[in-house]
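Before any comments, here is the structure.
Laboratory data are not the source of any read-out in this text; all were calculated from the coordinates shown. Remember, predicted model here, so these are calculated numbers, not experimental data. In this analysis, Cβ positions are derived from the backbone assuming ideal geometry, glycine residues included, and neighbour counts consider all displayed protein chains.
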Amino acid sequence: MDEPTERCRPAILRFLSGVVLAWVVPFLPGVNALPVEARVVAGVAVLTAWSWLTASLPLPVASLLPALLLPATGVIPAGVVAPWYFHDILLLFLCGFVLAVGLERYGLHRRFALRALSLFGAEPRRVVLGFMVVAAGLSMFVSNTSTALLMLPVALAVLDRCEEKDRAHLTRPLLLGIAYACSIGGVATPIGTAPNSVFLGQVRDRFPEAPSLGFGTWFLGAFPLVVAFLGISWSVLVRVAHRVPARSGLSVDDVRTERSAAGGRTSEQNRVLFVFLLVASLWMTRSGADFGVVALPGWQTLLPNQIAGTISDSTVALLGVMLLFLLPGKARRTGALLDWEDCRDIPWGILILLGGGFALAKACEASGLSAAIGDSLAGLIGSTSPVLLVFLVALGVTFLTEITSNTATINVLLPLMFSACVAAEVHPFLLALPATFAVSCAFMLPVATPPNAILFSSGRLTVFDMARAGILLNLLTAILVTLFAFYWIAPIWGLNLNEFPSWASVTPAEVGPSW
């Protein structure tokens, strides 16, 4: 038998073993009591996740399994599944990739890299820490997706500056550190990640008498959690998952000398930098922020109502893309900064990968599988100690969101958790608060979060690289969220998670359930 056929055999065997596993899952105890649609979706989710983890199919191809199997099994029509593969956030991804092409086309990413190295130092561990701090800080106010898109070309330029030996030690912890820091940093503010806003919105709808949680209050509670988790994640990446040396052959003096020798920016570089900063600043200031004492309106609120409600971060990114194709530059065909030929190497497969994740999340929600998982979590109330219960919820949500959208997951689970806690006469935030923090922290799979997918799109990481460090960080997420929820966040917010507050029994007659 020829060599290509021999190489194909392990992939076929891995895929068939996943088919067997997906066939067995719907008949497992607990799963077999669910509706047929939910059982089928569970099997499809298992096969897709198995194919991602084992690389039995190319990742973009494996991501198309829901598009094939959901209609083929009669669960969801093909015409319903297909639009799930081009979510609004995928348009943001595409625009972000084009912006990154502009930075690389004119060498701005190398200038950023030299500036970063001169500030953070050239030791590999300090490089990883510096990039993680910057990524976490940006993602507190900019979407984690946008932050990852901004940081990736800078990180790649730093890696290209390193000697081959140093690059081998630095690549995986640096890229993983940026991906993880983007997700961790978003927890610190109400606008940092969508689940935070979902939590606050559902609390306002469900419990109108509950104490208000403003921007400053949220930040005081969540920021120390972010700082602690950032430090622990950095230690895990550079000391446990990957042995990163303390020294390297890269000299800060050499970096500063090269930076001085580069001279001033060209007019084309200034135009690309203008577009880049314009998009970044519009991303940062689109939504308002309430600091308790001072409320800062976002520019979106200044627009007419019929426009303000229809734009998103992808709209801002599209503006930047259009400017890159209109402003004068060095593109050979059009004389603009970019032409379409410059975009040939955009990682289109990553868009399909994310589309598959959105399709699975929608299928879990539509089939009732997410609701069933939420019911099983709520059923633990009353039979488990509060601390252990919070740990189990945080752990379960962290692993659940590896294959489901964190926003979709929290939208489904929060109402169930609120209802179950009120029925059991425990604090409504007992399960909802740790779930909200944990759902933003998924580190094992590229599809788990947009930052994971973006850094994975560099082609310098494997699924195993992400899973090896991610499984330990998922466990640490549950531990940290449990400790901070009881011993820091709840006291700072004036909550007692062991008591049933009087405002929880007030039913808003005029406000229906937000889900």
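With the biggest extent put first, the Cα atoms of the stretch 61-124 measure 58, 26, 17 Å across the principal axes. From most to least packed by mean Cβ count within 10 Å, the peptides 39-48, 79-88, 447-456 give 447-456, 39-48, 79-88.
Output the Kirkwood hydrodynamic radius of the stretch 266-344, Cα pairs only, in Å rounded to one decimal. One over the average 1/r among Cα pairs gives 14.4 Å for the stretch 266-344.
Over all directions, the projected convex hull of the C-alpha atoms in the stretch 318-465 averages 11.5 nm² in area. Rg and Dmax of the chain, based on Cα coordinates, read 23.5, 74 Å. Axis of helix 164-185 versus longest Cα principal axis of the chain: the two differ by about 40°, to the nearest ten degrees. Dividing the convex hull volume of the alpha carbon atoms of the stretch 102-215 by its residue count gives 101 Å³ per residue.
Dimensions of the stretch 1-79 from C-alpha coordinates, computed as largest minus smallest value along each principal axis and given longest first, are 46, 32, 19 Å. Computed from Cα atoms, the angle from the helix 144-161 axis to the main principal axis of the chain rounds to 40 degrees.
Measuring spread by the Cα atoms of the stretch 149-230 yields a radius of gyration and Dmax of 18.0, 60 Å.
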